[in-house]
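The values are calculated or read from the model by the stated rules, or taken from the named source; none is laboratory data. This structure is a prediction, so every number in the text was calculated from the model and none was measured. Cβ coordinates were reconstructed from backbone atoms using ideal geometry, including for glycine residues, and neighbour counts include every protein chain displayed. What goes into the accessible areas is simple: the full protein's heavy atoms, side chains included, and nothing from ligands, DNA or RNA. Shrake-Rupley method; radii C 1.70, N 1.55, O 1.52, S 1.80 Å.
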Amino acid sequence: MTTTGTDFVELDRIAVLEAVRVVDLAKDDDWQRDTPCAGWDLRKLVAHMAAQHRGFTAAAHGAGQEASHWREPEDVSEPARLHREAATEVLDAFAEPGVTEREFVLPDLGRTFPGLQAIAFHFIDYVVHAWDVAVTLGVDLRLSDEVRGAALVVARLVPADPEYRAPGSAFGPALAVPDGSAPLEEALRLLGRSPK
């Protein structure tokens, strides 16, 4: 990755906290809303987000290979609370000394990754999912230019191979990027999301 010197632990913290903020804005009648994730309503998306937080927490502690850590919870009656608790867990895990030098097993990607690279994956996931939730709720996404720029750097590194972009994958096939697109818009299009 051409991301040397980038503090992905801090950038990820910012993205995750923004995701928590927008999820916490959801009202009871919002959970059935459709999201940019095809076939997922907001409750399903937030359950997925919580499961990914817990899976990455396990990976940071050397237990990422255990499938149970990545499963969505059966009880999603309080999605915002569930997500907030899982976000706290992953941020605590990523704040531990030496976490970027650890090896993370990421079953969805089929192998082990250096901690820094794994945290960069988590970061781009939560920039995109924070956007997903914000769009679903019709609220503004509050991310700095630094975060948006770093998201574009990582988005450009996500493999575009069909095996990584098949239905049900984290990201869809890349969309055309119009000239003059802002960094977040370009990142979203590269990852198969239409900013419109």
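In table form, for the structure just shown:
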{"read-out": "Probe 1.4 Å, protein heavy atoms only - accessible area per residue of the chain in square angstrom", "value": "49"}
{"read-out": "Residue of Gln52, Gln117, Gln32 that the Gaussian network model of the chain assigns the largest fluctuation, springs spanning Cα pairs under 10 Å", "value": "Gln32"}
{"read-out": "Net charge, Ala118 excluded, C-beta distance under 14 Å - Lys, Arg +1, Asp, Glu -1", "value": "-4"}
{"read-out": "Kirkwood Rh and Cα Rg combined as Rg/Rh, the chain", "value": "0.93"}
{"read-out": "Max mean-square fluctuation residue, GNM over the chain, Cα-Cα springs under 10 Å, options Glu85, Glu96, Glu186", "value": "Glu96"}
{"read-out": "Neighbour net charge for His83 - beta-carbon separation under 14 angstrom, K R +1, D E -1", "value": "-4"}
{"read-out": "Share of carbon and sulfur in the accessible heavy-atom surface of region 90-180 [1.4 Å probe, %]", "value": "54"}
{"read-out": "Within the chain: Cβ-based charge dipole about Cα centre, in debye rounded to nearest 20 (Lys, Arg +1; Asp, Glu -1)", "value": "340"}
